[in-house]
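In what follows, a single structure is set out as structure tokens and then discussed.
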Amino acid sequence: MQLEGNVAVVTGASSGIGRTIAETFVREGGKVAICDINMDGAEKVVAEIRAKGGDAMAVEMDVTDEDAVNRGVDQVAERYGRIDTMVSNAGIQIVHPIEEFPYAEFRKLVTIHLDGSFLLTKACVKHMYPRKSGSLIYMGSVHSHEPSALKTAYVAAKHGILGLSRVMAKEGAKHGVRSNTICPGFVKTPLVEKQIPEQAQSLGISEEDVVNKIMLGETVDQEFTTMQDVADVALFLAGFKSNALTGQSIVPSHGWYMA
């Protein structure tokens, strides 16, 4: 198995992409911390993983709270003795045209995505650096490279995450720590499904046009990226053995953005 003995911290892992990544890691022999503000959801995921013979723990973590992040990461290291992989996945989506975008909502989104990635990185590398090994995986987006209307906060945050990851590739190299960003296209999660009627209303078009023209219009096959597609890329990055692949963005997007 590709991740035998690998200990991973995954945020936003009680559902969606984070959950799929965690379950994929466990199937490949990893041990996973399911980190989320939704502890009921996190505990449910852990119970299901354990029922299948896997090893996981639930960690309550608000990624915007430095003390909570530090405490949660330390709990994982104390239980498993190490941290090998970080997946910074927690996020939300808020869409408005800029003239109607409340500043408080802009700050909320950027804080969860970008500040949360910073705080999680800072907490994890103190356990990775002494071991001279580790993989930092950030959840970017096609929007780390390409803009979309109504998404000033999200696009700004995802561009920022790409920059953070690239800096960590340089800082982490001497410590044997790799850093890469996964930049998916539209994945049909509840977060994306919520956007369809919102964008239809804001843009004055049908929901069908939002899907076919806005979300999938630049893909080569009019297909959504799947959560398993993203998890498979995370698995590849977690198991990669050298700095040959660091500071990179990998874009599973059905050809929407071609790096």
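FYI, it's all coordinate maths here, none of it is from the lab. Keep in mind it's a predicted model, so treat the numbers as computed, not measured. Neighbour counts are summed over all protein chains in view; Cβ atoms, including those assigned to glycine, are modelled from backbone coordinates with ideal geometry.
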Checked VAL73, VAL45 against criteria (surrounded by 16 or more Cβ atoms within 10 Å (Cβ to Cβ) and under 20 Å from LEU119 (Cα atoms)); the one match is VAL73
In the stretch 210-231, anything among the acidic types (Asp, Glu) and in contact with a Leu (Cβ under 8 Å, 6 or more places away or on another chain) is listed as GLU223
Restricting the stretch 213-235 to residues that are out of contact with any helix residue (DSSP H, G or I) (no Cβ under 8 Å at 6 or more places or on another chain), exposed (fewer than 15 other Cβ atoms within 10 Å of the Cβ) and of a type outside the set (D, E, K, R), the one nearest to SER135 (Cα to Cα) turns out to be VAL220
Hey, GLY172 part of a helix (DSSP H, G or I) and farther than 19 Å from PHE25 by Cα or not:
yes
Counting only residues in the stretch 119-164 that are touching a strand residue (DSSP E or B) at 6+ places or on another chain (Cβ under 9 Å) and among the aromatic types (Phe, Trp, Tyr), the one surrounded by the fewest Cβ atoms within 10 Å (Cβ to Cβ) is identified as TYR129
Of the residues in the stretch 56-70 that are out of contact with any Gly (no Cβ under 8 Å at 6 or more places or on another chain) and not aliphatic (A, V, I, L, M), the one that is surrounded by the fewest Cβ atoms within 10 Å (Cβ to Cβ) is ASP67
The number of residues in the stretch 165-198 that are surrounded by fewer than 19 Cβ atoms within 10 Å (Cβ to Cβ) and touching a Phe, Trp or Tyr at 6+ places or on another chain (Cβ under 8 Å) is 3
Taking the criterion of being over 16 Å from the mean Cα position of the chain (by Cα) and more than 23 Å from PHE25 (Cα to Cα), would at least one residue in the stretch 154-167 satisfy it?
yes
Residues of the stretch 76-86 being surrounded by 16 or more Cβ atoms within 10 Å (Cβ to Cβ) and not acidic (Asp, Glu), in sequence order, are VAL76, ALA77, TYR80, ARG82, ILE83, THR85, MET86
